[in-house]
1. When only residues in region 124-135 that are hydrophobic (A, V, I, L, M, F, W, C) and at pLDDT below 85 count, which is surrounded by the fewest Cβ atoms within 10 Å (Cβ to Cβ)?
2. Looking at (1) surrounded by 14 or more Cβ atoms within 10 Å (Cβ to Cβ); (2) farther than 16 Å from P22 by Cα; (3) touching a residue at least 12 places away in the same chain (Cβ under 8 Å), can you tell me which one L141 breaks?
3. Can you tell me which residues in region 161-182 are assigned to a helix (DSSP H, G or I), surrounded by fewer than 15 Cβ atoms within 10 Å (Cβ to Cβ) and β-branched (V, I, T)?
4. Could you list all residues from region 111-120 that are farther than 8 Å from G49 by Cα and out of contact with any helix residue (DSSP H, G or I) (no Cβ under 6 Å at 6 or more places or on another chain)?
5. Quick one: P20 ticks every box in (1) surrounded by fewer than 19 Cβ atoms within 10 Å (Cβ to Cβ); (2) modelled with pLDDT under 90; (3) farther than 20 Å from V178 by Cβ bar one, so which box is it?
6. Exactly one condition in (1) surrounded by fewer than 16 Cβ atoms within 10 Å (Cβ to Cβ); (2) at pLDDT 75 or above; (3) of a type outside the set (F, W, Y) is false for A103; which is it?
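The values are calculated or read from the model by the stated rules, or taken from the named source; none is laboratory data. Please read these numbers as outputs of a predicted model, since none were measured by experiment. Because the Cβ atoms are built from the backbone with ideal geometry, glycine has one as well, and the counts that use them run over all protein chains shown.
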Amino acid sequence: MSQSLLYAFIIFALVMFFTPGPNNIMLLSSGLTYGFRRTIPHIAGITIGFAFMVAAVGLGLGTVFMAYPILQTILKYAGAAYLIYLAAVIAMSGPAKPGTESARGPMTFWGAAMFQWINAKGWVIVIGTITAYAAIAQFPLNIAVQTAISLIVGTVSTVVWALFGTALRPVLTSERLVRVFNILMAGLLLASLYPVFMDA
């Protein structure tokens, strides 16, 4: 195993997972709106769903997208449409009332896991992971290593972002402040679509 390449991949993963993107923005908003405990399924869906995506693409699913590039285009624009919908949901979210279950609620495990397949930033990370760092070890050990690191770093980053949102709950105490914050998060989520449309 190339240790220098392994360290480079870990740095790449830390930068890509911890920087703002659709997953982290949604977790920040969910932590604020619903609290950490109710956001746990969302966290698990992202981390497990993304790690599965790395493994699946690394083990050969990526060749399907290379053979049929139209699938990538469909996923890209389906993801953009879904992000616009999520931005609208976040923008309209207020604080969850104590003792009540919001009809919308936080994203579910399966919703978050499936979202990884239409997340533009997720695809950037997966492509970088599989192509630039493939020589981290011999196949298929390299895919196992990359999947494990993605799972570990992804878990830490998603927990941190959700906790950050939860930590804002005592600060943003009024419904108006929560709504303003969620509108800002929705704006950032829409801004994350910039690379998608610039690449069109």
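1. A135
2. Going through (1) surrounded by 14 or more Cβ atoms within 10 Å (Cβ to Cβ); (2) farther than 16 Å from P22 by Cα; (3) touching a residue at least 12 places away in the same chain (Cβ under 8 Å) one by one, L141 breaks only (1).
3. Once the filter is applied, which keeps residues that are assigned to a helix (DSSP H, G or I), surrounded by fewer than 15 Cβ atoms within 10 Å (Cβ to Cβ) and β-branched (V, I, T), region 161-182 yields only V180.
4. G111, F115, W117
5. The failed condition is (3).
6. (2) is the only condition that A103 fails.
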